[in-house]
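Read the figures in this text as sums done on the coordinates, not as results from a lab. Bear in mind that the values here come from a model prediction, so they are computed numbers and not experimental data. In this analysis, Cβ positions are derived from the backbone assuming ideal geometry, glycine residues included, and neighbour counts consider all displayed protein chains.
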Amino acid sequence: GEDVEQSLFLSVREGDSSVINCTYTDSSSTYLYWYKQEPGAGLQLLTYIFSNMDMKQDQRLTVLLNKKDKHLSLRIADTQTGDSAIYFCARDTGGGNKLTFGTGTQLKVEL
Amino acid sequence: DTAVSQTPKYLVTQMGNDKSIKCEQNLGHDTMYWYKQDSKKFLKIMFSYNNKELIINETVPNRFSPKSPDKAHLNLHINSLELGDSAVYFCASSFTQAGEQFFGPGTRLTVL
């Protein structure tokens, strides 16, 4: 399988919380990232977490990192229709500047 | 002003042709990248340049040749295009080799 894996789809109702999960096999990264890709657009960095942290909160976004289980998650509180997009987790390699991306999760927010 | 720009946005061409995609960043960054996103949205790095020097070259066919005339530009030239080259190609840049990467809007390449 891929080094960094995500479930393909997630559907939530507007106002609910969304949780997007990511698992990885190589734990040598310094940082792990969450990117958002809207249709027809490039990738936008949402947030990132240093590998020695367990949690990071940034407004509606909460990142949780479980190093033992090699699991990263992104929680979006009060999900809005504008949050509909593909979300990619990514990790850097030991060298720092090469990003390995997950397979992407398509988030659909329904009214 | 666009931070990382790519031209063209769309490129449709025949198999066997040679084409180039251009990337420019006005952020003063030292490091630039090319990524390929396939039809399943899988995103993979191809190349990385730091101060005009090649530092990452993934297992990409040598039909793909990046060129960095200066720190602000990283162009991608593709020879003898094949059907499998159809994808969206993203350019990105970062201030340092470990910094946040800013992505361009992508170039959708379709090979017929």
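Scan the range B:56-63 and give yes if some residue there is without any contact (Cβ under 8 Å) to a residue 40 or more places away in the chain and not in a loop (DSSP other than H, G, I, E, B), otherwise no. Yes, the range B:56-63 has at least one match.
Here's the yes/no breakdown for (1) over 25 Å from A:THR103 (Cβ atoms); (2) β-branched (Val, Ile, Thr); (3) assigned to a strand (DSSP E or B):
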| site | (1), (2), (3) |
| --- | --- |
| B:LEU11 | yes, no, yes |
| B:MET15 | yes, no, no |
| B:ILE21 | no, yes, yes |
| B:GLY28 | yes, no, no |
| B:TRP34 | no, no, yes |
| B:SER39 | no, no, no |
| B:LEU54 | yes, no, yes |
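Among the candidates B:SER80, B:SER93, B:SER68, the residue that is assigned to a loop (DSSP other than H, G, I, E, B) and touching a residue at least 24 places away in the same chain (Cβ under 8 Å) is uniquely B:SER80.
Within the range A:64-97, the only residue that satisfies the criterion of being assigned to a loop (DSSP other than H, G, I, E, B), within 11 Å of chain B (Cβ to nearest Cβ), among the small types (Gly, Ala, Ser) and surrounded by 14 or more Cβ atoms within 10 Å (Cβ to Cβ) is A:GLY96. Taking the criterion of being under 18 Å from B:TYR10 (Cα atoms) and either of a type in the set (S, T, N, Q) or assigned to a strand (DSSP E or B) (or both), the residues of the range B:96-112 that qualify are B:PHE103, B:THR107, B:ARG108, B:LEU109, B:THR110, B:VAL111. Hey, could you check the range A:39-60 for residues that are part of a strand (DSSP E or B) and exposed (fewer than 14 other Cβ atoms within 10 Å of the Cβ) and say which is nearest to the other protein chains (Cβ to nearest Cβ)? Restricting to residues being part of a strand (DSSP E or B) and exposed (fewer than 14 other Cβ atoms within 10 Å of the Cβ), the top hit is A:GLN44.
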